[in-house]
Structure formats: C-alpha cells, structure tokens
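Visitor: Right, I'll just put the structure down here and ask away after.
The values are calculated or read from the model by the stated rules, or taken from the named source; none is laboratory data. Since we're looking at a predicted model, the values are computed, not measured. Cβ sites come from the backbone with ideal geometry, for glycine too, and all protein chains shown count toward neighbours. When the accessible area is computed, the model is the full protein with side chains, heavy atoms only, and any ligands, DNA or RNA have been set aside. Shrake-Rupley method; radii C 1.70, N 1.55, O 1.52, S 1.80 Å.
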Amino acid sequence: MTGDETFRYWAFISYSSQDRRVAKWLKKALSQYSVPSAHRSEVASRQRKFQDVFLDDDAAAAAPKLSAELKKALESSRNLIVVCSSYAVASSHVTDEIAYFQSLGRGDQILCLIASGIPNAADDGKPELECF
C-alpha cells in the first residue's frame, strides 16, 4: 500500500500463544480509545474507536508457515504491535510476522508491548529473560 491508501486494520497484534491473555487485553483496551477525527480516514471503516485491530484467535502457531490469511491481514494493517516476552522470542511465528511486515517496507510502524522479560537480557548473559 502506498502512503495515500487506507488500511483495513489499525494494527495487527503479533503474540505467542502463551501471551494470548495479554493480546486479548490489548485489543480490548485499544477499542476503548477514540481515533482523532483527522486520522479516521486512514482506516477504511472510519470508526470513531480503535476497533479495527487484527488478532488471530486461531492456532496459527500450528501452521508451519505464515498463512495467506495472515499475510493479507499484515498487508492490510497500518501498524504491527508485538507482544514481547521470552515466549515471543522463541516463537518462529512471531519472528515470521515481524519479518513479513518489515518486507512490506513498514518496519518503522512496529510497536512493542513488553508483557514479560527484560530487554537486552541476553547481553547480560541471561538469554532466558530476553523479551525482544
């Protein structure tokens, strides 16, 4: 999508299945906030609230590759929100979603929510605590 096109979703939430509770909470919390009127045209539905957020509730981690549906959702999302934790670090699915979103040229539209763990813990010799 080019800069002047609208998106279907404000965000795609990427998370490990162990962080499902946090991802669901985030989606619900975002839906409570109002979209500034000047930005409503950036998402196709033009909703007043941040309700258009993609959250894959299926067992996507069971699939060996990113499905066509998930790729389409990533392409249709203005932002990628990554629920960061040691579980996310170990998830090839989260890694694939981040890599695909970056391949779309929107790496600067990736936001992080630290659910657990410590940023850069691996640098301090504690890779089991890493959340990025």
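Visitor: Please work through the chain and write down the cysteines that have no neighbouring cysteine Cβ at a distance under 4.7 Å.
Guide: Isolated Cys, the chain: 112.
Visitor: For region 11-28 and region 77-128, compute the distance between their C-alpha centroids and round to whole Å.
Guide: So the two Cα centres are separated by 12 Å.
Visitor: Just need the relative contact order of the chain here, percent rounded to a whole number, with Cα pairs under 8 Å and 6+ apart.
Guide: On the way: 220 pairs, mean separation 37.8, N = 132.
This gives 29 percent for the chain.
Visitor: With a cut-off of 8 Å between alpha carbons and a minimum separation of six or more residues, what is the relative contact order of region 6-48 in percent?
Guide: Normalised by residue count, the contact order of region 6-48 is 55 percent.
Visitor: At 1.4 Å probe radius, can you tell me the per residue accessible area of region 66-122 in Å²? Please list the in-between numbers first.
Guide: On the way: 2680 Å² over 57 residues.
Here the per-residue accessible area is 47 Å².
Visitor: Taking a 24 Å limit on the Cα-Cα distance, which of the listed pairs 27/72; 71/126; 28/126; 24/126; 28/65; 27/126 fall beyond it?
Guide: 71/126; 28/126; 24/126; 28/65; 27/126
Visitor: Candidates (1) 111; (2) 130; (3) 96; which is the computed volume of the Cα convex hull per residue in Å³?
Guide: Given (1) 111; (2) 130; (3) 96, the structure-derived one carries the label (1).
Visitor: Relative contact order for region 83-132 using alpha-carbon pairs under 8 Å, separation at least 6, rounded to a whole percent?
Guide: Reported relative contact order: 50 percent.
Visitor: Within the accessible area of the chain, what % is carbon and sulfur when the probe is 1.4 Å and the other protein chains stay in place?
Guide: Here it works out to 51 percent.
Visitor: If packing is taken as the mean number of other Cβ atoms within 10 Å per residue, what is the order of 27-33, 96-102, highest first?
Guide: Highest mean packing first, the order is 96-102, 27-33.
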